[in-house]
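Heads up, the thing below is written out as structure tokens.
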Amino acid sequence: MKRYSALGLLRNALSHNRNWPEAWRSAEPKKHYDAIIVGGGGHGLATAYYLAKVHGMRNVAVLEKGWIGGGNTGRNTTIVRSNYLWTEASLLYEKSIQLWEGLSQDLNYNVMFSQRGVYNIGHSLQDMRDIERRVNANRLVGIDAEVVDAAQIKKAIPHINTSATARYPILGASLQRRAGVARHDAVAWGFARAADALGVDIIEQCEVTGIDVEGGKVVGVQSSRGRIGADKIGVVVAGNASVVAAMAGLRLPIESHPLQAFVSEPLKPVLDTVVMSGAVHGYISQSDKGELVIGAGIDAYNGYGQRGSFPTIEHTMQAIIELFPIFSRVRMLRLWGGIVDVCPDACPILSKTPIDGLFLNCGWGTGGFKATPGSGWVFAHTIANDEPHELNAPFSLERFTSGALIDEHGAAAVAH
Amino acid sequence: MLLIECPWCGERAETEFSYGGEAGIERPAEPDTLTDAEWADYLFCRSNPRGPHKELWNHAQGCRRWFGVERDTVTYRIERSYLLHESQGDM
Ligand SMILES: Cc1cc2nc3c(=O)[nH]c(=O)nc-3n(C[C@H](O)[C@H](O)[C@H](O)COP(=O)(O)OP(=O)(O)OC[C@H]3O[C@@H](n4cnc5c(N)ncnc54)[C@H](O)[C@@H]3O)c2cc1C
Ligand SMILES: [Zn+2]
């Protein structure tokens, strides 16, 4: 891999940027791999990267039915934080933030991780009690968190409406200063390039259509580019988790829903942090290009269509204007949808399965982008050792049978 | 916006309805005999198909009655609405 550097930037500028090498090879599928990762989103690519880097497994392929980062990785609103309520969840997301903090250096790719802080706003006494409980829970496990009042919010975010006569008055917020946003495409591309450099084959336009199981053990996949053998298979396909799991005869506790996002026309800098509200249900930040990046909740019905409905759009805009009346005349430039894989307890499944050599990484729902490096880290460990890492052991498929759910619904305000 | 036909009130906008998830999930007739895995499947697992889906809707801001809808989860096209008692085992 040619390392990116300031000097390289200069050199390539002098040759009119005509000589940049491709970021990763377009590999042809081999007959057999030690491990196949199905799904070339951030989580799948991170898994392949850590398999190669940390566990020395280099005969690995990532099979992606479309293009790298074309799924939720490239469609999300990029909020990164670790202030979840339950210890199991907050430690998993915190591992991820720690990896985010060194990720650009590690990948030699600028993922533009920007720790601009995240405010989770409270609008009622009960909201504030929940916020205090969550902040205390976070601090007990060593995660930075503080409670701020309306005056502090107003000082940090001058355009937010903290008037006491608002329909949903702002009483305070939790603030995680180490939280923030990152550039989603760069995360996919950075992991793809770094994994490729370690020998991982990244195979785009390759849809997995079947999983071959013999004597209770996986032996390979059927794909739109033929049969490919494998000793181990990690399924990391987000919204399509149920569809791919069914290829191996598994039924999952997951339903797929559309989740939409929006960006506005570019504005001068106006919002330098991330604001989320569970009660009015919307969240907003401003990208480096100046666009407001906006999102809210899922469409209630099951859907695989990568688009949602107008009532959800209207609801989202109402929430944002409730918080920021100043944005009422801002025009939206683009909107789109992704398909999110929602678990009953709003926590992911990072797990072995009843089938030998088959591993599942799914159920991140509306909030998995923040977990991209951490998810890859623990999932690579699980695949390489045939045993979960201590951080993902609680996130087994088994928990739905044993009853040990990790109920993050509502606990972490909006689930992003 | 989906246009959903309530069997009693006719076609109405999606915003008048609330969604009830997959249809046809029957409460086990003999709960005492169920294994933990069978309970887990009943409580948590869903078929979540990519394509035709039978699902429950409630006309929450109208007659407040439940009924079934056959809808495609990729195109979102609604095939038909149906009365639950008319489709035994297919609630
Ligand atoms: C609008 C929106 C906003 C969001 N906002 C946030 C946020 O602010 N913060 C946050 O933390 N999370 C957010 N999320 C959630 C986050 O995007 C996801 O949890 C995360 O990206 C999932 O990662 P992934 O790599 O598994 O998914 P994806 O990027 O979706 O990757 C899965 C890949 O699998 C491929 N695939 C599917 N089926 C097959 C097959 N049969 N064969 C081969 N390949 C297949 C798909 O093409 C896809 O590229 C948001 C999601 C959406 C949709
Ligand atoms: Zn009705």
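Read-outs throughout are calculated quantities, based only on the coordinates presented, and are distinct from any laboratory measurement. As the structure is a computational prediction, the values presented were derived from the model and not from experiment. Positions of Cβ are backbone-derived with ideal geometry, glycine not excepted, and every protein chain shown enters the neighbour counts.
Odds and ends about this structure:
- With a simple spin-label model that places each label point 7 Å from the Cα along the Cα-to-Cβ direction, the separation between A:L140 and A:E265 comes to 5.0 nm.
- Pairwise label distance in nanometres, A:N12 with B:A29, each label 7 Å out on the Cα-Cβ vector: 6.7 nm
- Set the Cα radius of gyration of the range A:19-75 against 2.2 N^0.38 Å, with N its number of residues, and you get 1.17.
- Among the listed pairs A:K30/A:K65; A:K154/A:K268; A:K217/B:K54; A:K95/A:K155, those whose Cα-Cα separation exceeds 27 Å are A:K217/B:K54; A:K95/A:K155.
- Label point at A:H159 placed 7 Å out along Cα→Cβ; residues across the range A:112-134 whose backbone nitrogen lies under 20 Å: A:114-122
- Along the axis of the charge dipole computed for the protein assembly as shown (Cβ charges of +1 for Lys and Arg, -1 for Asp and Glu, origin at the Cα centre), the listed residues A:V148, A:Y33, B:W66 are led at the positive end by A:V148.
- Working note: Cα gyration tensor of the range A:260-416, eigenvalues times five, square-rooted, sorted largest first, giving semi-axes of 35, 16, 14 Å.
- DSSP assigns beta bridges within the protein assembly as shown; of those with both partners inside it, close to 75 percent run antiparallel.
- Amide H partners (placed H, <5 Å) of A:S223, local residues excluded: A:T209, A:I228
- Environment charge at A:K95 (Cβ cut-off 12 Å; Lys +1, Arg +1, Asp -1, Glu -1): -3
- Descending semi-axes in Å of the protein assembly as shown, equivalent ellipsoid built from Cα gyration tensor: 34, 32, 22
- Neighbouring partner chain Cβ atoms per residue of B:66-76, average, 10 Å criterion: 3
- Inter-chain shielding of A:257-264 (mean C-beta neighbours from other protein chains, 10 Å cut-off): 1
- Aspartates and glutamates whose Cα lies under 15 Å from that of A:K2, excluding same-chain neighbours fewer than 8 positions away: A:E22, A:D106, A:D196
- Computed magnitude of the charge dipole of the range A:270-346 (debye, nearest 20; Cβ of K, R +1, Cβ of D, E -1): 340 debye
- A:W86, A:W336 arranged by Cβ crowding within 10 Å, fewest neighbours leading: A:W336, A:W86
- Neighbourhood net charge (14 Å Cβ-Cβ; Lys/Arg +1, Asp/Glu -1) for A:T78: +3
- The lysines within cross-link reach of A:K31, meaning a Cα-to-Cα straight distance under 17 Å and a gap of 8 or more places when in the same chain, are A:K232.
- Least to most buried among A:R58, B:R27 (fewest other Cβ within 10 Å first): B:R27, A:R58
- With neighbours defined as other Cβ atoms within 10 Å of a residue's Cβ, the residues A:F327, A:F379, A:F369 order from fewest to most as A:F327, A:F369, A:F379.
- The string of couplings for the range A:207-221 from the Karplus curve (6.51, -1.76, 1.60, θ = phi - 60°) is 8, 7, 10, x, 10, 8, 10, 10, x, x, 9, 6, 10, x, 10 Hz, one whole number per residue in order, with x for Gly and Pro.
- The range A:1-144 - convex hull of the alpha-carbon atoms, volume per residue in Å³: 172 Å³
- At R0 = 56 Å, FRET efficiency that the Cβ-Cβ distance of A:E28 and B:L83 yields, to 0.05: 0.55
- Distance between the pseudo-spin-label points of A:I326 and A:A404 (7 Å out from Cα toward the beta carbon): 4.8 nm.
- For A:R129 and A:R225, a Förster radius of 60 Å and the Cβ-Cβ distance give a FRET efficiency of 0.65, rounded to the nearest 0.05.
- Difference of contour (0.36 nm per residue) and Cα-Cα distance, A:Q318 to A:Q98: 75.7 nm
- Each Lys and Arg Cβ is given +1 and each Asp and Glu Cβ -1; about its Cα centre, chain B then shows a dipole of about 420 debye.
- Simple rule: put +1 on each Lys or Arg Cβ and -1 on each Asp or Glu Cβ in the range A:1-153, find the dipole, and look at A:L45, A:A61, A:N108; the Cα lying farthest toward the positive end is A:A61.
- Cβ-Cβ FRET estimate between A:R177 and A:N59, R0 fixed at 56 Å, reported to 0.05: 0.85
- Rounded to the nearest 20 debye, the dipole size of the protein assembly as shown about its Cα centre is 2060 debye, using +1 on the Cβ of Lys and Arg and -1 on the Cβ of Asp and Glu.
- Evaluated over the range A:216-286, the Cα radius of gyration and Dmax, each in Å: 20.2, 58
- Solution diffusion estimate, µm²/s, Stokes-Einstein, the range A:184-230, Kirkwood Rh from C-alpha pairs, 20 °C, viscosity 1.002 mPa s: 173 µm²/s
- Options A:L198, A:A13, A:L171, ranked by Cα towards positive dipole end of the protein assembly as shown, top entry (Cβ charges): A:A13
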